[in-house]
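I have placed the structure first, in the form of structure tokens, so that the comments after it can refer back to it.
The values are calculated or read from the model by the stated rules, or taken from the named source; none is laboratory data. Bear in mind the structure is a predicted one, so any value in this text is a computation, not a measurement. All Cβ positions, glycine included, derive from the backbone under ideal geometry; neighbour counts span all protein chains shown.
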Amino acid sequence: MRTWAEINLDNLSHNVSMIRELSGGKEILGVIKANAYGMGAVEYARELAECGVKILGVACYEEACELRAAGIEEDILIFGCIPPESVGTAIEKKFHLTINSMEEIDFLERNNYYPKVHIKVDTGMGRVGFTSEMALEAIDYIRENDIADLQGIYTHLSVADDPTEDVYTLEQMEKFRTFEGFEGIKYIHILNSCGSIRFGGKTYSTHVRPGILLQGIVPYDTDLQEKFKYVFELKTRILYIKRLEDEAYISYGKSYRGNEGDVIVTLPVGYADGFNRKFSNGGSVMIKGHRCPVVGKVCMDMTMVKIPRELVSQVGVGTEVTLIGKDIAAKAEEIGTIPYEIMTGVGRRVSRCYIKGGKIVKVKSLVEVERRV
Ligand SMILES: *Cc1c(COP(=O)(O)O)cnc(C)c1O
């Protein structure tokens, strides 16, 4: 394999238990939008279902369809707005739709659609949803006129990862308090990953809505990181090795000049695989426990790395390289982004290797080998 993502489903399952524990025993709505943050929505859905997760969240209609087509029977909530022409099929497929405005309710009524819905309340995210007051009116209207099957009410926190902004987060939760005790609603949910572990005891929601925490990444600085297990590592193998016979420029733009005697290896990974171009001259990878600096510009398909003197005798073509692992948060910070963007950026030609019971149980790649070991 050229470059691959190792995805540890045992660790995913561990993280589910840990979230349940730390959120005070709330149920989980597993967020697996964007192909489970790049790692494989279908595989995550199956594993989560095995862990007893009964409802999954995705961003859009297409993502929900992919899960149903793969035979996932759990409830699926679509966070985004759905195209009017797809509402009919969405109802057939039993998707839960998010309702953000009176216009959407009018649309359902006019067309005689009767979907399962969750009302979205905007308590401070500033993206989509009703104000608290309007949400109450919408709920009354839906109930009085029997417009839809009201399954859920939810809101989304915007700064739950930032302890210096807790006043804002508590205000958001306060605005939602009216809905917490609502009778006859199966799904009341507020808390994303950070919210689940920081505010689990402060709300009466039925479910928490973690995404990145399933991946074992705690997106703020805390000792709790130790309780979670990283699910994802991006790996490759050395493709080519050379010792410079003279000073030489490396890669596009001549931005790095190596010295005589330097050992430079080429890795079959580039920004098209999700190894960000901002790692050019400054990023690093791990080889046999040593940090090795990226030299020159990261290309679309290849990246050059300098091998430290003490490591030279231990590496050759085929030596395994960890591009991104437990250091994902630090790596993201280095290039001014967040782990979410690194994960969702992992390219489609990167093979996904799923580990379960300590063994590789499935490989998903463009070669279309579905290997069961
Ligand atoms: C992405 C998303 C989540 C999960 O966020 P994390 O920070 O990954 O836990 C939860 N709810 C909604 C509505 C989302 O869009």
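What's the number of the only condition in (1) in a loop (DSSP other than H, G, I, E, B); (2) more than 21 Å from G211 (Cα to Cα) that I360 fails to meet?
The one condition I360 does not meet is (1).
When you look at S255, is it of a type in the set (S, T, Y) and either buried (at least 18 other Cβ atoms within 10 Å of the Cβ) or within 12 Å of the ligand (Cβ to nearest atom) (or both), yes or no?
No, not satisfied.
For segment 17-43, give me the residue count where each residue is surrounded by 18 or more Cβ atoms within 10 Å (Cβ to Cβ), part of a helix (DSSP H, G or I), on the phi < 0 side of the Ramachandran plot and within 14 Å of the chain's Cα centre (by Cα).
Here the count works out to 3.
Looking for something crowded, with 16+ Cβ neighbours inside 10 Å and over 25 Å from E21 (Cβ atoms) - is there at least one such residue anywhere in segment 44-54?
No, there is no match, as no residue in segment 44-54 is crowded, with 16+ Cβ neighbours inside 10 Å and over 25 Å from E21 (Cβ atoms).
Condition first: assigned to a strand (DSSP E or B) and not polar (S, T, N, Q). Now tell me which residues in segment 294-316 satisfy that.
V294, M304, V305, K306, I307
Return the only residue of G195, G152, G129, G124 being in contact with a helix residue (DSSP H, G or I) (Cβ under 6 Å, 6 or more places away or on another chain) and within 15 Å of the ligand (Cβ to nearest atom). Walk me through how you get there before you give the answer.
On the way: G195 fails: in contact with a helix residue (DSSP H, G or I) (Cβ under 6 Å, 6 or more places away or on another chain); G152 fails: in contact with a helix residue (DSSP H, G or I) (Cβ under 6 Å, 6 or more places away or on another chain); G129 fails: in contact with a helix residue (DSSP H, G or I) (Cβ under 6 Å, 6 or more places away or on another chain).
Among G195, G152, G129, G124, only G124 is in contact with a helix residue (DSSP H, G or I) (Cβ under 6 Å, 6 or more places away or on another chain) and within 15 Å of the ligand (Cβ to nearest atom).
With the condition kept exactly as written, say whether any residue in segment 207-228 is touching a residue at least 60 places away in the same chain (Cβ under 8 Å), in a strand (DSSP E or B), within 14 Å of the ligand (Cβ to nearest atom) and in contact with a Ser or Thr (Cβ under 8 Å, 6 or more places away or on another chain).
Just the residues of segment 207-228 that are touching a residue at least 60 places away in the same chain (Cβ under 8 Å), to begin with: 207-217, 219, 224, 227-228.
Imposing the further condition that a residue be in a strand (DSSP E or B) reduces the set to 207-208.
Restricting the remaining residues to those that are within 14 Å of the ligand (Cβ to nearest atom) gives 207-208.
Remaining after also requiring in contact with a Ser or Thr (Cβ under 8 Å, 6 or more places away or on another chain): 208.
Yes.
Looking at I307, I264, I335, I287 in this structure, which one is modelled with pLDDT of 95 or more, within 23 Å of the chain's Cα centre (by Cα) and of a type in the set (A, V, I, L, M)? Before you say what the answer is, go through the steps one by one.
Working: I307 fails: within 23 Å of the chain's Cα centre (by Cα); I264 fails: within 23 Å of the chain's Cα centre (by Cα); I287 fails: within 23 Å of the chain's Cα centre (by Cα).
Only one candidate passes the filter, namely I335.
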